[in-house]
Amino acid sequence: MKPPERPVASPCVSICALDDDDICTGCQRTVEEITRWSRMDNAERRVVLGLCHERALAGGLVFMASDKSAG
């Protein structure tokens, strides 16, 4: 029997401010995602983390390294 899975950690970086779309500028979660986090299971949390990453990419907050060998 394997041990229970540890909870997925919150992406909070203690920069708590909402932008005009009510997205946290620190962690990129919506207000609803922030308030529901403690009641989400790990699968839901992983989905939210993916959405946060997509929002950060779209907002230019994350830069992807280019593959220089591709061309």
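Every number in this text was worked out from the coordinates using simple rules, so none of it is lab data. Note that the coordinates shown come from a computational prediction; the quantities given were computed from them, not determined experimentally. Backbone-built Cβ (ideal geometry, glycine too); neighbour counts: all protein chains shown.
When the dipole is taken about the Cα centre of the chain, and only Lys, Arg (+1) and Asp, Glu (-1) are charged at their Cβ, what size is it in debye, to the nearest 20?
Here the chain has a charge dipole of around 440 debye.
Please report, for the Cα atoms of the chain, the Rg to one decimal and the Dmax as a whole number; what are they, in angstrom?
In Å, with Rg to one decimal and Dmax whole: 15.0, 48.
If each DSSP helix of 4+ residues adds -39,500 (n - 2.57) and the sum is divided by the residues in the chain, what number results at 222 nm, nearest 500 deg cm²/dmol?
Value at 222 nm, helices only: -10000 deg cm²/dmol.
How high is the relative contact order of the chain, given as a whole-number percent (alpha carbon pairs under 8 Å, six or more residues apart)?
It comes to 22 percent, rounded to a whole number.
Enumerate by residue number the GluC sites (Glu not before Pro) in segment 1-54 meeting two conditions: DSSP loop (anything except H, G, I, E, B), and at most 12 other Cβ atoms within 10 Å of the site's Cβ.
Glu5
How far apart, in nanometres, would the label points at Ile15 and Asn42 be if each is projected 7 angstrom from Cα along the Cα-to-Cβ direction?
2.9 nm
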